[in-house]
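Worksheet: the structure to be examined is printed underneath.
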Amino acid sequence: MDFESRLLPELRSVMTQFPGFQLEENLELSRSYLSSPPIEQSEHVRTTSRMIPSVAGEILVKIYEPAQRTDVKLPAMLWIHGGGYVMGHPDMDDALCERFVQAANCVVVSVDYRLAPEHPYPAAIDDCYAALTWMTDEAELLGIDLDRVAIAGASGGGGLTAALALMARDKGGPALIFQMPLYPMIDDRNVTASSHEITADNAPWSRKNNLTAWNMYLGNRTEDSEVSPYAVPSRAESLAGLPPTYTCVGQLDLFRDETIEYVARLAQAGVDVEFHLYPGTFHNFEGMVPQAEVSQRASQSYVDAIARALNP
């Protein structure tokens, strides 16, 4: 059976309209697909932007918090947007970050990390770690409870979430109570069955795009180059000591098998992990078709997971 015939009917019509990313042929056009018009901001959430220091200068972060705050310190989450390490901007997740704030009564910091190929590894993970340390260093300013800090992201942002959890573990902090790498991009080797299954040009993320994006992100390397787990989390020797984890993936997502393997390794390492596999769904289905029943179910599940984790 081909890719489209296996999709849930409520998702199938979108595939006939989506042109697919052409990273190799026209990266700027592909990037434009992820730009979104400004949302109508919720009156219950205050959003501010500021520049913070990173390795190569300043980077943008967007801060979302309850509009009516008291002096009580709130839990916090660093959100890392998706885009295969080569696309995306915090603006595209404004509505989702507002939703996290209202569901978990928390502060969300969303980081505008540098993108490949202009800025290959380690630029993105350096920026994410800088944002996490800034967030915790400025806990008083932000009104953050340092005992309740989580990290989360989707797709490429999910890969950076998994990498950041490893980095924070190995560096001895900042302390994390939870991580949520959604359908994460975590393995550059492209040897799993699912990495060979999704080849349609109009698939939200195809094998061709995955190969191209990894090459852009990792830059020049040879067959025997050693690849850091902070670049490719699936290459980590051990997942022991990582925070409790939630993740999900569509059954027709190229990242299905690497996510399942990651979940199994977390469980084997003694890390508490919750995992959901959604049949008949493609990569980022809940973002592309938010009105679908399966999309609402999936997004509500991970929003609830954050709310539970940050309010134990």
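The values are calculated or read from the model by the stated rules, or taken from the named source; none is laboratory data. Keep in mind the model is a prediction, meaning the values are calculated, not measured. Note that each Cβ is placed from the backbone with ideal geometry, even for glycine, and that neighbours are counted across all protein chains shown. In case anyone asks, the SASA skips ligands and DNA or RNA and just uses the protein heavy atoms, side chains included. Shrake-Rupley method; radii C 1.70, N 1.55, O 1.52, S 1.80 Å.
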Exercise for the section: Compute log10 of I(q)/I(0) for the chain with the Debye formula, placing one identical point scatterer on every Cα and leaving out solvent, at q = 0.15 Å⁻¹, to two decimals. Expected result: -1.23
Problem - Mean Cα-pair separation over length for the chain, i.e. relative contact order, pairs under 8 Å, 6 or more apart, % - result: 20
Completion exercise
Expressed to one decimal in nm², the mean projection of the alpha carbon convex hull of segment 140-228 is 8.0
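Between Asn26 and Met51, 0.36 nm times their residue separation minus their Cα-Cα distance comes to what? Numbers along the way, then the final one.
Numbers: separation 25, 0.36 × 25 = 9.00 nm, distance 2.95 nm.
Extra length from Asn26 to Met51 when fully extended: 6.1 nm.
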Fill in the blank from the handout: A chain fully extended from Lys73 to Glu43 at 0.36 nm per residue, minus the present Cα-Cα distance, gains in nm 8.7 nm
Problem - Pair-distance profile P(r), taking every C-alpha pair of segment 157-312, with 5 angstrom steps and integer % - result: 2, 9, 18, 22, 20, 16, 10, 4, 1, 0
Completion exercise
Listed by chain and number, the residues whose amide H is under 5 Å from that of His276, excluding neighbours fewer than 5 places away on the same chain and using placed H, are Thr247, Cys248, Val249
Exercise for the section: Taking the Cβ of Ile177 as the centre, find all other residues whose Cβ is under 12 Å away and add up their charges (Lys, Arg: +1; Asp, Glu: -1). Expected result: -1
Exercise for the section: Restricting things to alpha carbons, tell me how big segment 73-205 is in terms of Rg and Dmax, in Å. Expected result: 15.3, 49
Exercise for the section: Report, ordered by chain and residue number, the lysines lying within cross-link reach of Lys73, taken as a straight Cα distance under 30 Å and ignoring same-chain residues fewer than 8 apart. Expected result: Lys62, Lys171
Exercise for the section: Please determine, in degrees from 0 to 90 and to the nearest 10, the orientation of helix 256-268 with respect to the longest principal axis defined by the Cα atoms of the chain, where the helix direction is its Cα long axis. Expected result: 50
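Leaving ligands, DNA and RNA out of it, report the carbon-plus-sulfur percent of the accessible area of segment 1-51 at a 1.4 Å probe. Don't skip to the end; give the middle numbers.
On the way: 1830 of 3550 Å².
C and S atoms contribute 52 percent here.
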Problem - Percentage relative contact order, segment 153-228, counting C-alpha pairs under 8 Å, at least six apart - result: 26
Handout entry: Mean-position separation - Cα centroids, segment 76-100 and segment 178-209, in angstrom
Key = 19
Exercise for the section: Determine ³J(HN,Hα), in whole Hz, for all residues of segment 206-216 in sequence, where each value follows from phi through the Karplus function 6.51 cos²θ - 1.76 cosθ + 1.60 and θ = phi - 60°; x replaces Gly and Pro. Expected result: 9, 4, 4, 5, 5, 4, 5, 5, 5, 5, 5
Problem - Lys/Arg +1, Asp/Glu -1 at C-beta; the chain dipole; positive extreme among Leu96, Ser35, Trp205 - result: Leu96
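Using the Cα centre as the reference, give the magnitude of the dipole from point charges on the C-beta atoms of segment 26-160 (Lys, Arg: +1; Asp, Glu: -1; all else neutral), rounded to the nearest 20 debye.
Numbers: 9 positive and 19 negative charges, 38 e Å.
Dipole about the Cα centre, nearest 20: 180 debye.
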